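Q: Sending over a structure as structure tokens; questions will come in a sec.
Just so it is clear, none of the values below were taken in a lab; they were calculated from the coordinates. Keep in mind that this is a model prediction, so the values were computed, not measured. Positions of Cβ are backbone-derived with ideal geometry, glycine not excepted, and every protein chain shown enters the neighbour counts.
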Amino acid sequence: SGARWGAGEMVLAGRVLCVMMASASGHVILERFYDPISEPDQMRWRDRLHRAEASSGAGASTVAESDCDKLATRCGVARHGDENMVWCGVGDLRFYAVGSEEYDEYTLAEVLQALASSVKGIVKKGFTEAHAFEHYGMICLALDEIVSDGVVEATTWDTIRRAIKLKMAD
């Protein structure tokens, strides 16, 4: 049986359900839901993620920009029903992922590590909301290489960077 995601909606077994990047103040910069869910359900998940992060203690899952490569070991983790929730902050940005079944906290932390490494490689100026918006298109391309239709595909910056270059050459 699949994991429950929204009100009465079922998902395929074992997937990344959502990846989100937000500012420290809570503004959503980038968000991907890999199964169709209603806007009210999306809002409920955003709220669950923010509450889970807040309950873990201020700064508990935040790493310095210079320690971005260690993000996967510092992620906050929670469960909601059958779903795993993982989050971490770097600089002024917050990264979140939700997954089901075999997409456990370790796999989701690897997704966030890949996304944060991609942001670092793309932005090069610091983890701020303004820099993220300035490079929004490239960050979206990176996320598309990391997770495709809810399945983790690429997790190293070098692989992601090469795939983006190939797409840009077409």
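Q: To the nearest 500 deg cm²/dmol, what mean residue ellipticity at 222 nm is calculated for the chain from DSSP H runs of n ≥ 4 alone, each contributing -39,500 (n - 2.57), summed and divided by the residues?
A: Numbers: 5 runs with 66 residues, N = 170.
Helix contribution divided over all residues of the chain: -12500 deg cm²/dmol.
Q: Separate question: Could you pull the Rg and Dmax for the range 51-170, using just the Cα atoms, both in Å?
A: 14.1, 46
Q: How far is the Cα center of the range 20-52 from the Cα center of the range 143-170, in Å?
A: After rounding, the separation between the Cα centres reads 22 Å.
Q: Once you have all Cα-Cα distances for the range 8-120, histogram them in 5 Å bins from zero and send the whole-percent values.
A: 2, 13, 26, 26, 20, 9, 4, 1, 0
Q: Can you tally the net charge around Glu134? Count Lys and Arg as +1, Asp and Glu as -1, for every other residue whose Cβ sits under 15 Å from the Cβ of Glu134.
A: +1
Q: Right, another one. Find out how many positive minus negative residues lie around Ser23, taking Lys and Arg as positive, Asp and Glu as negative, among other residues whose Cβ is under 14 Å from that of Ser23.
A: The answer is -3.
Q: Let me ask you something else. Pairs of Cα atoms under 8 Å, at least six residues apart: use those to get the relative contact order of the chain, whole percent.
A: 22
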